[in-house]
Amino acid sequence: SMSYEKYMLTREVEKVFLDLPYEEEEDKIEVSIRPLSWSKKNSLVSQCTNYSGDGGVAFDGQRYINEVLKYIITEAPWGATSDMFLGKVDLKLGGALEKLVPSATDSDVAEASENLV
């Protein structure tokens, strides 16, 4: 096979358990996620980057996280992963979901991402 092929995404959806502090008897929360391609990731980073008239750049980190989650999660116990749903999750579930999101700061947005704090 060609050496580049290992870098190509398959269409396969992966089932993962969210990394949460489960109680002993509690069912683990499973979600299905599809891979995020390089071009889709760049597109989402672009959508979440705002350029001001004076040449400033502001990266909306929360919007990036939400947009990636809405795209990659194909099945979840709560149904659709929407902005409304994501607006209601607590810090524990939000943190577990955020671990599914590849960093946006692999590129020049790093300097502009004060909003991630």
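The values are calculated or read from the model by the stated rules, or taken from the named source; none is laboratory data. None of the values given here were measured: they were computed from a predicted structure. FYI the Cβ positions are ideal-geometry reconstructions off the backbone, even for glycines, and counts take in every protein chain you see. Calculation scope for accessible area: heavy atoms of the full protein, side chains included, ligands and nucleic acids excluded. Shrake-Rupley method; radii C 1.70, N 1.55, O 1.52, S 1.80 Å.
What's the number of the condition VAL101 fails, among (1) of a type in the set (A, V, I, L, M); (2) without any contact (Cβ under 8 Å) to a residue 12 or more places away in the chain; (3) surrounded by 14 or more Cβ atoms within 10 Å (Cβ to Cβ)?
If we test VAL101 against (1) of a type in the set (A, V, I, L, M); (2) without any contact (Cβ under 8 Å) to a residue 12 or more places away in the chain; (3) surrounded by 14 or more Cβ atoms within 10 Å (Cβ to Cβ), just (2) comes out false.
So ALA112 passes all but one of these: (1) in a helix (DSSP H, G or I); (2) more than 30 Å from TYR7 (Cα to Cα); (3) at pLDDT below 95. Which condition number does it fail?
Every listed condition holds for ALA112 apart from (2).
Give just the number: which of (1) more than 30 Å from TYR22 (Cα to Cα); (2) modelled with pLDDT under 90 does VAL117 not satisfy?
The single condition VAL117 does not satisfy is (1).
Are any residues in the stretch 56-73 assigned to a helix (DSSP H, G or I) and more than 17 Å from VAL89 (Cα to Cα), and if so, which ones?
Once the filter is applied, which keeps residues that are assigned to a helix (DSSP H, G or I) and more than 17 Å from VAL89 (Cα to Cα), the stretch 56-73 yields TYR71, ILE72.
Please find, within the stretch 26-60, the residue that is nearest to the chain's Cα centre (by Cα) out of those that are more than 24 Å from GLY79 (Cβ to Cβ) and charged (D, E, K, R).
Of everything passing the filter in the stretch 26-60, LYS41 is nearest to the chain's Cα centre (by Cα).
Hey, among the residues in the stretch 54-87 that are among the hydrophobic types (A, V, I, L, M, F, W, C), at pLDDT below 95 and out of contact with any Cys (no Cβ under 9 Å at 6 or more places or on another chain), which one's surrounded by the fewest Cβ atoms within 10 Å (Cβ to Cβ)?
VAL57
Just to be sure before I move on: is TYR51 among the aromatic types (Phe, Trp, Tyr) and open to solvent by less than 90 Å² (accessible area, probe 1.4 Å) in the structure I sent? Break it down stepwise before answering.
On the way: among the aromatic types (Phe, Trp, Tyr): yes; open to solvent by less than 90 Å² (accessible area, probe 1.4 Å): no.
No, not satisfied.
Can you tell which of GLU24, GLU14 is loosely packed, with under 11 Cβ neighbours inside 10 Å and without any contact (Cβ under 8 Å) to a residue 40 or more places away in the chain?
On inspection, the qualifying residue turns out to be GLU24.
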